[in-house]
1. Which residue out of Ala400, Ala392, Ala407 is in contact (Cβ under 8 Å) with a residue 40 or more places away in the chain, farther than 22 Å from Pro262 by Cβ and surrounded by fewer than 22 Cβ atoms within 10 Å (Cβ to Cβ)?
2. In the stretch 55-109, how many residues are out of contact with any strand residue (DSSP E or B) (no Cβ under 6 Å at 6 or more places or on another chain) and part of a loop (DSSP other than H, G, I, E, B)?
3. Does any residue of the stretch 18-34 turn out to be hydroxyl-bearing (Ser, Thr, Tyr), at pLDDT below 95 and part of a helix (DSSP H, G or I)?
4. Quick check on my filter: what residues within the stretch 145-167 are under 26 Å from the mean Cα position of the chain (by Cα) and either more than 22 Å from Gly85 (Cβ to Cβ) or in a loop (DSSP other than H, G, I, E, B) (or both)?
5. So which of Ala290, Ala302, Ala272, Ala268 ends up being surrounded by fewer than 20 Cβ atoms within 10 Å (Cβ to Cβ) and closer than 20 Å to Leu341 by Cα?
6. Report, by residue number, each residue of the stretch 213-262 that is in a helix (DSSP H, G or I) and acidic (Asp, Glu).
7. Can Pro180 be described as over 19 Å from the mean Cα position of the chain (by Cα), surrounded by fewer than 24 Cβ atoms within 10 Å (Cβ to Cβ) and either outside the structural domain of Ala59 (by TED's automatic domain parsing) or in contact (Cβ under 8 Å) with a residue 12 or more places away in the chain (or both)?
8. Quick one: in the stretch 133-156, of everything that is of a type in the set (Ser, Thr, Tyr) and surrounded by fewer than 17 Cβ atoms within 10 Å (Cβ to Cβ), which residue is farthest from Pro185 (Cα to Cα)?
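The values are calculated or read from the model by the stated rules, or taken from the named source; none is laboratory data. Because the structure is a prediction, the values reported are computed rather than measured. Note that we place each Cβ from the backbone using ideal geometry, even for glycine, and neighbour counts take in every protein chain shown.
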Amino acid sequence: MNVDLGNALAAVADPGLTQDDLDDLDERVESAHERIARGIDDEEFGYAALALPGQTDPAAIRAAVEPVADSETVLTVGIGGSALGARTLTTALTGDHGASHVLLDNVDPDHVDGVLGDLDLSTTAVNVVSKSGTTAETLSNFLVVREAMTAAGVDWTERTVFTTGGSGPLADLAAEHDLPTLPAPEGVPGRFSALSPIGLVPPAILDCDIEAVLDGGEAAAASLSPSLFDCPAYAYGAVAYELEERGASINVFMPYAERLEPFAEWFAQLWAESLGKDGRGQTPARALGATDQHSQLQLYRAGRHDKLVTLVRPQERPTVDVPTADADALAYLADADLGELLDTELQATEASLAAAGQPNVRIEIERMDAHSIGELLYEMEAACILAGELAAIETFTQPAVEWGKQAARDVLRDEKTEKTAAIEDKTELVVGSEQ
């Protein structure tokens, strides 16, 4: 992976960084790297995520999923970090955009009913993921799926894999029915767990090269170094942090590859949940190149100077030639291919933003293969942790998320608490017809 910071420099962008700014920032990166390295070595909470590529056992994952390796579809029942990493990996590696990997990561009854109605449950592997084994949304959806399988005459115990902690309802159920079960990694928040069984079970069932994914992660781990000038992950994390300090409070994450669209969603959770604390943190905004050049780019170029635009692309793409057009107005497309067109669109976006003084950074991976995707996921995790170190925040906690979860549980349990009172005391100003 490489990172091009040129359009984030003060000579181009406002806000932007000078060479002196980068040199000063590099001194802080060195100190932050020492803290991160120590955390990895000691397997401290959160930092342990950066040790996963060398610790995750792909053979154990393949052995666990072998009973469902004949599945045509994987149905992942999870939420947030228990689902987005798996979706990112399967879409990037298979390119089928959800045809063989389907998520139930929400409890919208219309969606759940539609998904189950479309699946042949007799050829579906059910991948249930909850580290605690008590996640309300995940367990509710699993119970619905289990009932649907039973109603369809499918023995759910023969088509289900659990990834969970060592104790809890899922662990107990797995023991009761002798289900294949993989461990959720200890000391790793869900959003940092893509390079563990939490993210790797669905691609393993679909026979993707999870070994190469982990090799890519290990290569990225080996590239961590004390200087942002030598380390792409730290370069991105440090510059994103410093631009936020100077007013770029929004991070537009814009991959130029359809197969990386779920990666932008994964990044949004990683960045928001990790860095949105103490009245600070960049707001991630998802976009897709070149599609959103025809809509959102208007704002990113001509709107407020409060954004960093992050462009992501593979350096190598398949070749799909554009046929010769009969219209003279389209003659300029002669001898072009779609990959060349998409890369030209990216370059035009960069130039458009730079001409307007809007900071942007380009991230490149070599190609859309398992090694490069593993490397990319690891480097973005390291970038996020580095940004958290520089901001001096608790990167690995999510107290605001936990507040909402507890409030929902209190309501469902019919308990009267400070949180349920906050729900009941909602201020209303309703405009519209009475219901």
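1. After ruling out the rest, the residue left standing is Ala400.
2. Of the residues in that region, 15 qualify.
3. no
4. Gly165, Gly166
5. Answer to the check: Ala290.
6. Passing the criteria: Asp215, Glu218, Glu242, Glu244, Glu245, Glu258, Glu261.
7. Yes.
8. Thr150
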